[in-house]
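Throughout, read-outs are computed from the coordinates displayed, never taken from laboratory work. These numbers were taken from a predicted model, which means no experiment stands behind them. Here the Cβ is made from the backbone with ideal geometry for all residues, glycine too, and neighbour counts use every protein chain on show.
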Amino acid sequence: MHTRSGAGTPWVIVAPGFHRAGGMEKANLALARHLVDRGTPVHLVGHVVDEEMGKLPGVSAHLVPRTRGSFLLADRALARRGKEVARRVTALEHGARVVVNGGNCDWGDVNWVHCVHHAWAQSHIGAPLWFRLRSNLLAAAARRDERARVPGARLVLANSELTKEHLTSLVGVPAARVRTQYLGADPAWGPPSEDERRAAREWLGVSPDVPLVAFVGVLGYDTRKGFDVLLEAWSRLVGMGWDAHLVAAGGGRGHERWSDRVREAGLEGQVRLLGITNRVPELLAAADLLVSPVRYESYGLNVHEALCRGVPALVSGRAGIAERYPADLRDLILDDPENVDALVTRLLAWRSSLDTWKPRVADFSERLRAYTWERMASDIVELVEATGVEADGRAG
């Protein structure tokens, strides 16, 4: 027999974090906040919980300390604690729901997948041996957990059709159990005012008449984000008299290596690496274009948020968000992120008609902003509640 959960029936959400500093973390925070607002008790199991969120009535935060120096042990601790809390809550409350993220916890109710580990084979160019060995171990464990845990979920939420296809073809999830659920938007991330843009440019030290291109992503040893391709294209463009500046936001263990590459290529005057920053909205306020030549991206919240700010975004077709681009913006999609020549050509085309691009993306930007985090969370709750659970509280 199946039961339905009501507004007062508790939910358990197992995720690495519930905060605004990361894409998956923002999404899980939005779902938790929506549940609380409708009067649903929520158990949050994670390494980091937004301080304000953790203090709200109805929220039980189950913090799992990160094991110093070991991501694998931290992952195992999160999985273990998540299962413990899920067992306790579902035993006490028939109809309680449990949402896990990918392979992070073995529970067969709802699995919200933000990345498919089977879809990308890591590369570690320039990384020390110890880092490559550790990363390979972590990747193998992630793929093993993904294949063992995700297919058993009663409902699987994919953040794009690309993710759905990877889940069915690479992980073995039955297609009938997967629903595509796009990410939402923060209404505050709209096109900037002239004052905002001026202040952002002053912060970056970029004059108003200099074309500014942004890159937002981790600058690690792994080349998934495609920053190596962008730097190569930039070097060629500078040799052709290129006048635009590139500002990259993002940290990572490979940050020093990327700084060295910028210096060795003689690009210090036109390429700036910000490192980790909480000022991405300001960077986008200053930007004329965002470039994301990723080799794999299940969705691409960086692109989504740039577009919400009214910034045209040149993105690889291997990112899930590319499937949302309307036909009249097809020239903003890179068919092959490995093709440096094609990226150079697209950037030259953008520069030759700089003032036309923001008006071209305005309608798309408005459509993306209209689908808020709140609406996304409401749609998820509706999908979950349409999927029953067994009378003993476990997924049916």
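Results, tabulated for the structure shown:
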item	result
Aspartates and glutamates with Cα under 18 Å of LYS55, excluding same-chain neighbours fewer than 8 positions away	GLU25, ASP37
Calculated FRET efficiency for the pair THR372/LEU92, C-beta based, R₀ 35 Å, to 0.05	0.60
Å³ per residue enclosed by the Cα convex hull of segment 194-370	111 Å³
Long-range HN-HN contacts of VAL389 with modeled amide H, under 5 Å	THR3
Peptides ranked, highest mean first, by Cβ atoms within 10 Å: ranges 208-217, 281-290	281-290, 208-217
Over segment 194-370, relative contact order from alpha-carbon pairs under 8 Å, at least 6 apart, %	23 percent
Ascending count of other beta-carbon atoms within 10 Å, so fewest first, for TYR371, TYR299, TYR182	TYR371, TYR182, TYR299
Whole-number percent relative contact order across segment 159-258, with pairs defined as alpha carbons under 8 Å at least 6 apart	27 percent
For the chain, built as a Gaussian network whose Cα springs stay under 10 Å, the top-fluctuating residue of THR223, THR67, THR163	THR67
Computed helical MRE - 222 nm, the chain, DSSP H runs ≥ 4 contributing -39500 (n - 2.57), nearest 500	-12000 deg cm²/dmol
Whole-number percent relative contact order across the chain, with pairs defined as alpha carbons under 8 Å at least 6 apart	19 percent
Kyte-Doolittle mean at least -1.0, axial Cα span of 24 Å or more - DSSP H helices of the chain	71-92, 129-149
Estimated inter-spin distance, ARG263 and SER60, nm [label 7 Å along Cα→Cβ]	5.3 nm
Phi-based couplings in Hz for segment 108-113 (Karplus 6.51, -1.76, 1.60; Gly and Pro marked x)	x, 9, 10, 10, 9, 9
Reference-scaled alpha-carbon Rg (2.2 N^0.38 Å with N residues) for the chain	1.01
